[in-house]
Structures are given as C-alpha cells and as structure tokens.
Amino acid sequence: MWLKPEEVLLKNALKLWVTQKSSCYFILQRRRGHGEGGGRLTGRLVGALDAVLDSNARVAPFRILLQVPGSQVYSPIACGATLEEINQHWDWLEQNLLHTLSVFDNKDDIASFVKGKVKALIAEETSSRLAEQEEEPEKFREALVKFEARFNFPEAEKLVTYYSCCCWKGRVPRQGWLYLSINHLCFYSFFLGKELKLVVPWVDIQKLERTSNVFLTDTIRITTQNKERDFSMFLNLDEVFKIMEQLADVTLRRLLDNEVFDLDPDLQEPSQITKRDLEARAQNEFFRAFFRLPRRERLHAVVGCSLWTPFSRCHTVGRMFASDRYVCFASKEDGCCNVILPLREVVSIEKMEDTSLLPNPIIISIRSKMAFQFIELKDRDNLVESLLMRLKQVHANHPVHYDTSRDEDMSREQIKISLWNDHFVEYGRTVCMFRTEKIRKLVAMGIPESLRGRLWLLFSDAVTDLASHPGYYGNLVEESMGKCCLVTEEIERDLHRSLPEHPAFQNETGIAALRRVLTAYAHRNPKIGYCQSMNILTSVLLLYAKEEEAFWLLVAVCERMLPDYFNHRVIGAQVDQSVFEELIKEHLPELAEHMNDLSALASISLSWFLTLFLSIMPLESAVSVVDCFFYDGIKAIFQLGLAVLEANAQGLCSSKDDGQALMVLSRFLDHIKNEDSPGPPVGSHHAFFSDDQEPYPGTDIADLIRDSYEKFGDQSVEQIEHLRCKHRIRVLQGHEDTTKQNVLRVVIPEVSIPPEDLEELYDLFKREHMMSCYWEQPRPMAPRHDPSRPYAEQYRIDARQFAHLFQLVSPWTCGAHTEILAERTFRLLDDNMDHLIEFKAFVSCLDVMYNGEMNEKIKLLYRLHIPPALTENDRDSQSPLKNPLLSTSRPLVFGKSNGDAADYQKQLKQMIKDLAKEKDQTDKELPKMSQREFIQFCKTLYSMFHEDPEENDLYQAIATVTTLLLQIGEVGQRGSSSGSCSQDGGEELRAPALSPEQDLVFADTSPGKIVQDSQTFPEEAEGDWTVSLEHILASLLTEQSLVNFFEKPLDIKSKLENAKINQYSLKTLEMSRQSQPELKLSSL
C-alpha cells in the first residue's frame, strides 16, 4: 500500500534493512531476516530493534523509499506484505514517475512532486474503496464541493467522477485532479505556488486516445482543434480511459448525432448520469454487439458460470448474460462456445440439487427438447427468481406460436447438407444452438442454398422477431401501400435497378414483393426511411427467404447489425471506414505506407460495407459473404476487406492514382467465383470494368473467406467496438468541421471581418447554443442541433442566447440599456419570425457595427428604433421617453435673436428639400420615425457614449443634434397640417428655449418626475411629428465629434479574447440569477 511520506534518517536503520533494488530516486528494501533461511534469531532481534528505531516499517517486511541524490533524508512512500505486492508499486513508479523526475531543476521540486503524487494516490485509493463498499460518499461530496468552487459551473453541471493524475505542460508534469462532468473535462492543479485550471467541453474533443511519450509508456491524449494535452500517472488508467470514452461518446452523440441516436433510459437525463450508469452502458453495448441483439435490450446481470457442452463432454467456463428477453452464454476462450436463448423459446428454468460435483446448478429447457445445464452460479436463488419473472412476462406479452414445419426436402449439395444435419443433431437446430468454431468453419465453406434463408434467420435472431409479431408485417403493408411521398418516389426509382440481371426481378411479382418490403420498412422506421443500397440487400434477402422473413432480416441488418448505416449521413458506415483504415495500418503496413492517403481506399471500400459486397462481386459469390456476415457480424466484412487488399497489394502499390487502384480492385472482385454454386453465374454491377483483352485469373470465394479467417480473424467484438467508439468521435467532429467550413465559405465573401476572427465568432456562436443544451431544459423556440438541416441552419440561437453574445462581442454596449438594444437587434434580424437566427445574420449585423461606413451604422441604428425592432410592448415601455415629453410647438430657436429666427426656418426648410432631392431612389425607403421612436433612438446614442474618452463632447454634440432634429420634425409637422393650422389663426404656444444641457431627452427620469411630465404633455401632443433617416444622418454629420465616434476603427480581436474568457461566467451568472427567485418562492 502507498504510505503518506514522512521524512526519516537512515543512519540508525542501515543494518535493519537490505536493499533489493535501487534507482536514482527510489530504493526497494527488505527487512533483514525476512525470508532468509536459518535467520530466526536475526529476524527476532531486527524486529525488536525495528519497533524501537524505525516505526514506519514496523509491520510490513518490504518498503520503498524516496531518496533525493545528495540528501541524507529519506521518505517511505510504499510498503508491502509480500514481494509481489511491493513489486507492483515499484513497477508503477518505474513506468510513471522515474523518467519524469529528470525534467525538474532542483531536489526540492522532485521531493515535492513525488510526495504530492503519492498523497493523491492514497486519496484515490480511499475513495475507490468507499465506492466499492457503497459507504457514505463523504469523499465524493468533498470533491464535488471543490469542483463547484474551482470551476463555478451552474448547478446543472453534474460531476460524474474524479481522479488524481498529472497534466503535461511541455516536458513538465503538473500534479492535480481530473474532474469528469457530464459536459466537460476539467483539470485543477496548485503546484509550487502556481494555479492551473483547464476546462475542455466534450463536444470540442476531436481525438481521445492512449499513447506514449519519451517519459511515460502510457498516457491519455486529448486533442482539440488547437491543442493536444496529455494526462498520465493514473492509479488505474484502463478504468479512467473507459469512463472518458463513454462520456465523450454519450455527449457527442447526444448533442451532435441526435438524428438517429437513442440514449439508454438511464442516460436520458444528463443530470442523472453516474459513473455506474456509464459502466453499465459500456457493458450493455458490448453485450448487444457481441450477441447482435436489439438496441432496446437491457442487460440485468452478468455472472460467472460453466455450461455443460455435450459435444466436448465437459463443462465450459464462461459468463452468463441475462437481459429483458434473452439468456446468453459466452465462453472465456473467445469463439469456443456461444449460446443465445430467447426467453420465448424457454419452457422452464429449474434449480437442481447442489452437490460437490455440480455446485449451484440450474437447468434451462427449451421447446426443441434441449436442455442447458449451468453450474457455479453465484447468488443462484435471486438469479433464478428474476429469470422466472421475466420469462413469465415474455410469455404473457408474446404468446408462443411455434412453427416446426420447416424441415424442407434437401435434394442438392448433399455433402454440405449432410454435414449440417450432423451438426444440427449434435449442437441443436434452433436459435438456441451451441455456436462453436465448428459452425464457423461450416459457414465459411458456404451455406447450402436450401438452408440459407433458414440459417440467416437463426444467426441474426430475426426468427424471434418474426415469431413475436404475428400479423405485424401485413398490417404495415396495408397501412403503407398507396401512400405517396418522397421516400416512396425514391423506392420506385430504384426498384428496377435491384438485381436487374436476375430472373426473379424481371417480372412484376418480384418487383411488387420488393416494393412492399421496402415501403413497409420505411413506414416502420421513418428515421431511416429508405437509403440507397437497401434495395440491393432486400433483393438478395427475398431470393432466399419468404417476404415476411425478408422484412425481419432487413430489420435485423438495419437496426442492430449495421447500426447508423442507413440514415441521412451514414455515420455508421463512415465510422467503420475509419476503423478499416486503422486496421489496414495495423495489418498491412507496407500497403498503408505506399498509399499516402488511405481515405481513397476507404471511399472505394464504402460500397463493400453498405451492400455487403453484393454490388461489387458476382451474386453467387457475394451470398457466401452474407453467410459469414449473418454469423459473425461486421467482423466478417472487415476481415474480408483486408483479405481483398492483401491479395491485391502488389497491384495497388504499383498503381499511379486512385483511378488505377479502383480498376485493380474492381477487376479482382468481378472475377471472384463460387465453384460450389448450383445456379448459373450472375454478374456484378461492375461488370463493365471487365472488358479485358486477356483472361483474368479468377479467385474462389471459399479460398478468400478461409484466408480472411486465418490471417485477419483475430479481431474480437470488444476490440471492434472500442475502435468504433474511438473513430466515432473523429467522424462526428469531421462533420462539424465540414459544417463550419461550409458556413464560413458562404459568409466570408459577404463581410469584412477577417476569416480567423470569423472562425472564433462561429465557435462562440456554437458554444452559446451548446451551453443551453448543457444546462437548460429544451425550449420550443431553441431546438437542439439538427444535422439533417442545411449547413447554415444546423446551429441557430434564440433571443436569450443572442443577448449573451451581443453583450460579449458587440461594440455597441450601452450599460443597462445593452439588453434592450440586443432584443431589438434580434427582432430586426428575425426575418421569418421563427424566433431563431442563423450565424450569417448574426455576423452580418456585427460586420456593420465594426466595419460599416458611418451611414451604414446610422441606418442600422435607425432600423433598430422603428418597427419591427421597436414594438409597442418594448422592454423600455415603462420609460417616460415612450410618452411624447417634448412639445411639438417649441420655437425654432437655439440661442438666436428673434430677428434671425425666420431666416433659420427658411434654411431648415431648404435643407429638407435638398435632402429629398438627393435621396437615392434605388434604395427601399425606410418609414419615417415618430417622436416616441426618435426619443428611444436618442436614448440609445446617449447610452453608447457613456464612459467614452470624449464623453462630454459627445453629449454636447448629441444635445445640439437632437434639438435640431426636433425642430426639423416640427417643420414637417406644420407643413403637413398647414390647412388645419390656419383656422386657429396661427396661434402658437411659446415656451422658453432649452439649452442642450436642459434638453428633456436627458432629463431626470425619477418616478415622481415621470408622473408630472406625463400629465404636462398629453398623448395627443405627438400628432404627425416625424423625421427621416436622411434628416438624422445629415444632422449627425454637422458634429465632428459624432463623425469621429462612428468612423473610428474598432478592434474585434480584443472583444473575442474577452468573450472566450467570460462566456461561461456570464452564463453561470445568468443561471444563478434565475435560480434566486425560485429559491425565494420555495422559502415562502
């Protein structure tokens, strides 16, 4: 065990311990007398002295000391009761610490680092033991408090688990704590007086892999868009990596791949996810992948046991998996023996008498008069009780209609058929058969034509779905036929392209059956609907199975054997292509080295995976591939693909381009033959590549399949699933990069913001969307990321999210008025009134604010203060400025003598006429601004000038311009109502002229003042007072300080840097404000 480091002097202990191993920094010692022959007296003497002189090693006979070169002080850091135990600690130190310590400059740093690491390991061991014993999680609560204090996330950010580790910064490791939460990976370190905080959202991770560097043999590397970070020195690196992989996979699929991804019930609510849930999900996914069961199947128990295998006359050690509707067995030795028992096939589950030869046995009997004996089952009583309960439920939900009438007359391929019959007798002939290496060899030889459809149903377990859903397919056909939509049009277009060379599809009977199956499946699963290549696969299924059987085989392939293959983005196929690339590098390194870009090979091989080789090799050969696929799953396609590449390695290495490589592979695949096929040859869809001048040597499919198993059959289901998980992150992030580049490609030509700044703006925009997904309940107006939409519409934000971004990156910040201005800007940009805006609209608006000419900026401000941006229910409606506080009968004077007033009126009228003439008729004329809207416009300008270095000059200038515009509006009002004014005798209400400092636009807005002013100026006073954009622009141009303000260059880069730092804290602050009223209400 690890010990808390305490300094000791070895001066008095040198004779009590014998050094077994030593290195530059560590010493492994054994107590003198322990393990020595004839050393009883010595051992007793040393034990007595040891208890007096060196209390640190009183119990354990082995210990490890930290020694700093040149120092007489040593620190025990580990002890052990056995040599094996202490050697485990020594090996850990050698692998994780020894090579690292050389990077430190002084001895104190070395001692401090090692002691800190050992203390962290002790803390982690303690917390692990607490978790295992399910005691009160005091340690976890303590870690949670530290996590919340250090990273200040909203309460909705749930901590899943935490680990002690080191984060590498260059060549220097930083000892600290890794916190894994539902949306983020966080690291905290306080070492040698320096604090380090690191926050990485799971959705930003592009690669998650185990690697090594010059100092450490095993590290976890996190790769984001711009950085790589290495974490090492974990107590249990395997466990940490699996949890990180699960969290990254769940979060990325939940947020980026919600097109077809259905979360497990335990993971539906992210705030409820625990470490145990993630471990259960990993086990569930392995179970479903290994036995190729439906996604909805939930694992309940995994217990070690042994199964009686009559063909080997012994019990085979393995594990039993009990789920909702299945009991499965997998032998400890991979591929030795697997069994799948659907509960609907089970007749009884009984406990037998417990004996020394057969400890804790149970017998599971099935309908085909077979029985399976399991022994050495822990907690047998509870297991049997739960199995019987689920068995009763399955039989109640799906009454059994077992059909035993499928013993067909097998008249062809007698040798193969007799082999299969012998196998059925010994191993079983139903879905519950023993699945061993022998059956794999029979499948590789090729299934007889007369048994093919039946065995496909058994291997895929489609037979269980078929028997469990009587009448389901007929009802689907009835509901779906006759309906016309985009999917049915696509199906109709592809019907006559499906095996057109085969006689079965040269008449309406075969075409009609194909139409019914495809349409029924599209109706059953609208998320998938119809995807190209489904027609070819279904055609082949119909050749060997009845129509309803073919439908359930298609369900098995699309929904569990090839998950996520047949959808809008074919994510599953792309993931497997990426896995295939890695397998090529591992198994065919010379070919991988020659082919610089393996993505070319992956694009060629995509159709291999989508159509299971049916579209690229002769049909009579391809069906043998489908045989292997239904027995071994996707593993069969991976290994056959590798065998094809190996057989053509020489030709591929000598090819000069991708086209030549495609020709090499196409010719090879088109000349694969099946010597055992009883039917006439049927060419592949690529036969046009084969117009060779000279005969091309053919390859027998049986030989190719045998080679694939012998050379590349060592990949286990667990390895493939791990690779899929690893590459799914890359594929999803590749789609995100494609979306980003396509959006930026459209936006860059239309704005003046530099591309690198646009990228950062896009990241901020996307992160704002993601933060709402992290911590808020989904709102109707803010749908999650939708990858099925056009690129520009995949990420959209609502008004609240836009307000956050506006506050972070807009140059027009107006203090408390900023939020109101953001709301108006959002309403202006929301053209289609769906309460969502896209990135392009957001950036176009920012571009005007940062890079627009003065007239463009004023035009934008003008539009923000007229409908639809300004509404009657505006947030600022309680402001006194909503009411017409300004008299429209104010004198047209500002400090001039009465004699000059008339001349100035003429000048203003002339200015209005000139502006009207100069107005560009090509622009759509904006509506004129009312007095209420104009006052809101002035208020915004006043707020924008706050804290500007030229604040006083700007206030004076805007006061002058406001007065001028009020007078222009009055001139227009009088001109439009001159007829009605004449009958009043031209009577004018005179009021004292206000100086700019006294202008009511900037008057006191205290509540008492508001009431008084509202009574002074009644509502009717507003009349038809209006000003236009041209009036405002011309007036603003008369003040140089205002021109300078709107034309000064603005720096967006500093805003972006601050936004990246403050985006999370702003969101947290807002959510804490929202939670405060709830707390007050609950306390009431």
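Among the residues of the range 570-583, are any part of a loop (DSSP other than H, G, I, E, B) and open to solvent by 20 Å² or more (accessible area, probe 1.4 Å)? Break it down stepwise before answering.
Going residue by residue through the range 570-583, those that are part of a loop (DSSP other than H, G, I, E, B) are 570.
Okay, now just the ones that are also open to solvent by 20 Å² or more (accessible area, probe 1.4 Å), so 570.
The answer is yes, given that some residue of the range 570-583 is part of a loop (DSSP other than H, G, I, E, B) and open to solvent by 20 Å² or more (accessible area, probe 1.4 Å).
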Next item on the list: Please verify whether the range 487-507 includes one or more residues that are aromatic (Phe, Trp, Tyr) and at pLDDT 90 or above.
Entry: no
Next item on the list: Taking TRP608 as the residue in question, decide whether it is open to solvent by less than 10 Å² (accessible area, probe 1.4 Å), in contact with a Gly (Cβ under 6 Å, 6 or more places away or on another chain) and either within 28 Å of HIS523 (Cβ to Cβ) or among the hydrophobic types (A, V, I, L, M, F, W, C) (or both).
Entry: yes
Note to self: Exactly one of these conditions fails for VAL425: (1) open to solvent by 70 Å² or more (accessible area, probe 1.4 Å); (2) on the phi > 0 side of the Ramachandran plot. Give me its number.
What the structure shows: (2)
Item checked: Qualifying positions in the range 134-187 - farther than 30 Å from ASP109 by Cβ, in contact (Cβ under 8 Å) with a residue 60 or more places away in the chain and open to solvent by less than 20 Å² (accessible area, probe 1.4 Å) -> PRO154, GLU157, VAL160, ILE182, ASN183
Note to self: Based on this model, can you work out whether THR509 counts as in contact (Cβ under 8 Å) with a residue 24 or more places away in the chain and not assigned by the TED database to the domain that holds ASP703?
What the structure shows: no
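Would you mind stating whether HIS722 is open to solvent by 20 Å² or more (accessible area, probe 1.4 Å) and either modelled with pLDDT of 90 or more or within 21 Å of SER578 (Cα to Cα) (or both)?
Details: open to solvent by 20 Å² or more (accessible area, probe 1.4 Å): yes; either modelled with pLDDT of 90 or more or within 21 Å of SER578 (Cα to Cα) (or both): yes.
Judged against the criteria, HIS722 is a match.
Yes/no matrix, rows are residues, columns are (1) open to solvent by 10 Å² or more (accessible area, probe 1.4 Å); (2) of a type in the set (Val, Ile, Thr); (3) out of contact with any His (no Cβ under 7 Å at 6 or more places or on another chain); (4) not assigned by the TED database to the domain that holds ASN236:
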residue	(1), (2), (3), (4)
ARG63	no, no, yes, yes
LEU66	no, no, yes, yes
SER71	yes, no, yes, yes
TYR74	yes, no, yes, yes
ILE77	no, yes, yes, yes
LEU83	yes, no, yes, yes
ASN87	yes, no, yes, yes
SER102	yes, no, yes, yes
Next item on the list: Mind listing whichever residues of the range 339-351 are in contact with a strand residue (DSSP E or B) (Cβ under 6 Å, 6 or more places away or on another chain) and either free of Cβ contacts under 8 Å to residues at least 40 places away in the same chain or closer than 15 Å to MET389 by Cβ (or both)?
Entry: VAL346, VAL347, SER348, ILE349, GLU350, LYS351
Notebook entry, point to check: Does at least one position in the range 545-552 carry a residue that is in contact with a helix residue (DSSP H, G or I) (Cβ under 8 Å, 6 or more places away or on another chain) and surrounded by fewer than 19 Cβ atoms within 10 Å (Cβ to Cβ)?
Noted result: yes
Note to self: I'd like to know if the range 188-198 contains one or more residues that are closer than 29 Å to ARG254 by Cβ, open to solvent by 20 Å² or more (accessible area, probe 1.4 Å) and in a loop (DSSP other than H, G, I, E, B).
What the structure shows: no
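Within the range 220-240, take every residue that is part of a loop (DSSP other than H, G, I, E, B) and hydrophobic (A, V, I, L, M, F, W, C) and give me the one that is surrounded by the fewest Cβ atoms within 10 Å (Cβ to Cβ).
LEU235
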Next item on the list: Among the candidates ARG344, ARG313, ARG325, single out the residue that is at pLDDT below 95, open to solvent by less than 10 Å² (accessible area, probe 1.4 Å) and charged (D, E, K, R).
Entry: ARG344
Notebook entry, point to check: When you look at ARG560, is it among the basic types (Lys, Arg), crowded, with 20+ Cβ neighbours inside 10 Å and either in the same structural domain as LEU457 (by the TED database) or closer than 30 Å to GLY446 by Cα (or both), yes or no?
Noted result: yes
Check: Within the range 1012-1029, is even one residue among the small types (Gly, Ala, Ser), open to solvent by 30 Å² or more (accessible area, probe 1.4 Å) and at pLDDT 85 or above?
Finding: no
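The values are calculated or read from the model by the stated rules, or taken from the named source; none is laboratory data. Quick caveat, the model's predicted, so the values are computed rather than measured. Because the Cβ atoms are built from the backbone with ideal geometry, glycine has one as well, and the counts that use them run over all protein chains shown. Just so you know, the surface numbers come from the protein's heavy atoms only, side chains and all, with ligands and any DNA or RNA stripped out. Shrake-Rupley method; radii C 1.70, N 1.55, O 1.52, S 1.80 Å.
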